[in-house]
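Here the structure comes first, spelled out in structure tokens, and everything after it is commentary.
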Amino acid sequence: CDLLVIGSCAVDVKSGARLGKGEGFAELEYAIMRMMGTIDDSTLVVTTVHDTQLLDGGEIDTRRLLRHDVPVDLIVTPTRTIRIDKAAQPAKPEGIYWDILSPQKLAQVKVLRDLRAEVEATLGVTLPRGPDETLPPLAVRAEKKKMREASRGGGRGRGERRGERRGGRRGRS
């Protein structure tokens with residue numbers, strides 16, 4: 001893969017350090033692709049943001065980034081294209097860091113569970129597990145919605161409200 005587009009809420013124009021939505025799924029996607037060999041360190045990582053989402057150089061302290069954080073190589077806005085100087089850019093992650101991947105996040109992503117089982121079977125080892133975490137509200141809401149829909153036997157039809165059937169109100173034929 002020659003190019004990877006990654007979402008950002010804000011990005012530092014000097015280092016390419018980015019802020020996402022805080023759930024870490026973009027980093028997991030990057031890590032999965034690194035592990036599977038579909039991308040490597042030379043793959044161009046690009047983000048598209050509005051000019052108002054640009055942070056002046058140095059606003060994100062790269063010393064505070066975690067090893068799984070994915071910096072970008074190129075920033076595209078409606079008015080500018082900014083190439084990041086490799087010397088100022090933090091290192092890109094090398095793959096999945098199992099020792100920091102929480103059981104809760106692992107439970108959310110089937111491909112991670114499958115990769116973990118494959119690596120453990122191939123190497124004959126048990127991979128380390130990360131610490132427990134409280135998932136951010138968006139991930140929790142999505143899981144609760146799935147559980148509600150499953151308990152009802154699926155969603156309601158378009159335009160139907162709870163307790164109504166197509167063709168009329170509840171209790172009418």
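The values are calculated or read from the model by the stated rules, or taken from the named source; none is laboratory data. Small disclaimer: the values here were computed from a predicted structure and weren't measured. Using ideal geometry, Cβ is built from the backbone for each residue, glycine included, and neighbour counts are taken over all protein chains shown. All accessible areas refer to the heavy atoms of the entire protein, side chains included, with ligands and DNA or RNA removed. Shrake-Rupley method; radii C 1.70, N 1.55, O 1.52, S 1.80 Å.
Is it fair to say residue 67 is in contact with a helix residue (DSSP H, G or I) (Cβ under 7 Å, 6 or more places away or on another chain) and either surrounded by fewer than 16 Cβ atoms within 10 Å (Cβ to Cβ) or in contact (Cβ under 8 Å) with a residue 24 or more places away in the chain (or both)?
On the way: in contact with a helix residue (DSSP H, G or I) (Cβ under 7 Å, 6 or more places away or on another chain): no; either surrounded by fewer than 16 Cβ atoms within 10 Å (Cβ to Cβ) or in contact (Cβ under 8 Å) with a residue 24 or more places away in the chain (or both): yes.
It is false that residue 67 is in contact with a helix residue (DSSP H, G or I) (Cβ under 7 Å, 6 or more places away or on another chain) and either surrounded by fewer than 16 Cβ atoms within 10 Å (Cβ to Cβ) or in contact (Cβ under 8 Å) with a residue 24 or more places away in the chain (or both).
Mind listing whichever residues of the range 92-132 are open to solvent by 20 Å² or more (accessible area, probe 1.4 Å), free of Cβ contacts under 8 Å to residues at least 24 places away in the same chain and either part of a helix (DSSP H, G or I) or of a type outside the set (Val, Ile, Thr) (or both)?
107, 110, 113, 114, 117, 118, 119, 120, 121, 122, 123, 124
Kindly provide the set of residues from the range 67-105 that are among the charged types (D, E, K, R) and in contact with a strand residue (DSSP E or B) (Cβ under 6 Å, 6 or more places away or on another chain), ordered by number.
The first filter runs over the range 67-105 and keeps only residues among the charged types (D, E, K, R), leaving 67, 69, 73, 80, 83, 85-86, 92, 94, 99, 105.
The answer is 73, 83.
When the residues of the range 70-84 are filtered to those that are in contact with a Leu (Cβ under 9 Å, 6 or more places away or on another chain), assigned to a strand (DSSP E or B) and over 14 Å from residue 10 (Cβ atoms), which remaining residue is least open to solvent (accessible area, probe 1.4 Å)?
The residue in question is 74.
How about the range 21-50: which of its residues are within 8 Å of the chain's Cα centre (by Cα) and closer than 21 Å to residue 61 by Cα?
Of everything in the range 21-50, those that are within 8 Å of the chain's Cα centre (by Cα) and closer than 21 Å to residue 61 by Cα turn out to be 23, 24, 26, 27.
I need a count of the residues in the range 1-34 that are of a type outside the set (Gly, Ala, Ser) and either open to solvent by 70 Å² or more (accessible area, probe 1.4 Å) or assigned to a loop (DSSP other than H, G, I, E, B) (or both).
So in the range 1-34, the residues of a type outside the set (Gly, Ala, Ser) come out as 1-6, 9, 11-14, 18-19, 21, 23, 25, 27-30, 32-34.
Going one step further and asking which of them are either open to solvent by 70 Å² or more (accessible area, probe 1.4 Å) or assigned to a loop (DSSP other than H, G, I, E, B) (or both), we end up with 1-3, 5-6, 9, 13-14, 19, 21, 23, 29.
Counting residues in the range 1-34 that are of a type outside the set (Gly, Ala, Ser) and either open to solvent by 70 Å² or more (accessible area, probe 1.4 Å) or assigned to a loop (DSSP other than H, G, I, E, B) (or both) gives 12.
Could you please give the count of residues in the range 85-124 that are closer than 17 Å to residue 26 by Cβ and β-branched (Val, Ile, Thr)?
Final tally of qualifying residues: 4.
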